[in-house]
């Protein structure tokens, strides 16, 4: 073989061998992360500054403990002979701080003391656990006429709006699109978003949320592809009949107010 062609082949082979060489960690956890984690600050705020604790995590200690007890069995991990796992309290605190600030994982790692790749797994996992544990109690769509009438009475009392079963609205959420999604999520050349469709009741409580539709769709287009719309077409929502509404208005006046 010509020497001119042999040298590049040898170099390519050497580079493949180097890439396959296993990378070794210098340390498992950097010492400063254990020493200066925000868990020490959280404990100080909990014991002496409850208002600052609430401002930091957007909930008081009682609510934090209640939420922790509900999801602890889903997010706790087992310790190993190599190192201790990140406990459930630290996982929940990191997640709440992320939700409160929207900071990047690279930025959040300095206050939480948790490595950024670990945060990228911990936060989605904890959010999923919160949703699964709370959805049956706090994200419940009305299923009976009595529940719809109860919502309508609060709307009428608080907002002087009769026969209103909820306020609907949509929100575009900026995202990083999937590599093979093409122009599906493009709204403009510089704004790429997913669509979040919401249903609220009078006390600013969400009872229905649909996320993940592409941002190009209109409000009506998003509504048409929701489970709510499917049940509406089938008549499975159990709206009150005429003689059960204010002023005996027909069911077409059982309004869903668009929130502004």
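Examine the stretch 117-131 for a residue that is more than 30 Å from residue 39 (Cβ to Cβ) and either touching a helix residue (DSSP H, G or I) at 6+ places or on another chain (Cβ under 7 Å) or touching a residue at least 40 places away in the same chain (Cβ under 8 Å) (or both), and state whether such a residue exists.
Within the stretch 117-131, none of the residues are more than 30 Å from residue 39 (Cβ to Cβ) and either touching a helix residue (DSSP H, G or I) at 6+ places or on another chain (Cβ under 7 Å) or touching a residue at least 40 places away in the same chain (Cβ under 8 Å) (or both).
Scanning the stretch 211-232 for residues that are part of a helix (DSSP H, G or I) and touching a helix residue (DSSP H, G or I) at 6+ places or on another chain (Cβ under 7 Å), which turns out surrounded by the fewest Cβ atoms within 10 Å (Cβ to Cβ)?
Looking at the filtered set, the residue picked out is 229.
Within the stretch 62-77, can you find the residues that are part of a helix (DSSP H, G or I) and within 20 Å of residue 121 (Cα to Cα)?
If the condition is that a residue be part of a helix (DSSP H, G or I) and within 20 Å of residue 121 (Cα to Cα), then 67, 68, 70, 71, 72, 73, 74, 75 are the ones that fit.
Of the conditions (1) closer than 25 Å to residue 175 by Cβ; (2) surrounded by 14 or more Cβ atoms within 10 Å (Cβ to Cβ), residue 106 satisfies every one except a single condition; which number is it?
It is condition (2) that residue 106 fails.
Is it the case that residue 208 is touching a helix residue (DSSP H, G or I) at 6+ places or on another chain (Cβ under 7 Å), in contact (Cβ under 8 Å) with a residue 60 or more places away in the chain, outside the structural domain of residue 102 (by TED's automatic domain parsing) and not in a loop (DSSP other than H, G, I, E, B)?
For residue 208, the condition - touching a helix residue (DSSP H, G or I) at 6+ places or on another chain (Cβ under 7 Å), in contact (Cβ under 8 Å) with a residue 60 or more places away in the chain, outside the structural domain of residue 102 (by TED's automatic domain parsing) and not in a loop (DSSP other than H, G, I, E, B) - is met.
Write out, first by first residue and then by second, each pair whose Cβ atoms fall under 6 Å of each other, whose residues are 6+ apart or on separate chains, and whose first residue, in the stretch 50-61, is in a helix (DSSP H, G or I) while the second is loosely packed, with under 15 Cβ neighbours inside 10 Å.
Final answer for the pair search is 54/60.
Within the stretch 161-190, which residues are free of Cβ contacts under 8 Å to residues at least 60 places away in the same chain, part of a loop (DSSP other than H, G, I, E, B) and touching a strand residue (DSSP E or B) at 6+ places or on another chain (Cβ under 7 Å)?
Of everything in the stretch 161-190, those that are free of Cβ contacts under 8 Å to residues at least 60 places away in the same chain, part of a loop (DSSP other than H, G, I, E, B) and touching a strand residue (DSSP E or B) at 6+ places or on another chain (Cβ under 7 Å) turn out to be 175, 177, 184, 185, 187.
Can you give me the ranges of the helices (runs of 4 or more DSSP H) entirely in the stretch 78-160 with at least 1 residues that are over 26 Å from residue 58 (Cα atoms) and over 22 Å from the mean Cα position of the chain (by Cα)?
Fully inside the stretch 78-160 and qualifying: 145-159.
Being assigned by TED's automatic domain parsing to the domain that holds residue 211 and either at pLDDT 85 or above or closer than 20 Å to residue 55 by Cα (or both) is true for just one of 151, 114. Which residue is that?
Step by step, each of 151, 114 is checked, and only 151 is assigned by TED's automatic domain parsing to the domain that holds residue 211 and either at pLDDT 85 or above or closer than 20 Å to residue 55 by Cα (or both).
The values are calculated or read from the model by the stated rules, or taken from the named source; none is laboratory data. Only a predicted model underlies this, so the values are computations on that prediction, with no experimental measurement involved. With ideal geometry, Cβ positions are generated from the backbone for all residues, glycine too; neighbour counts draw on all protein chains shown.
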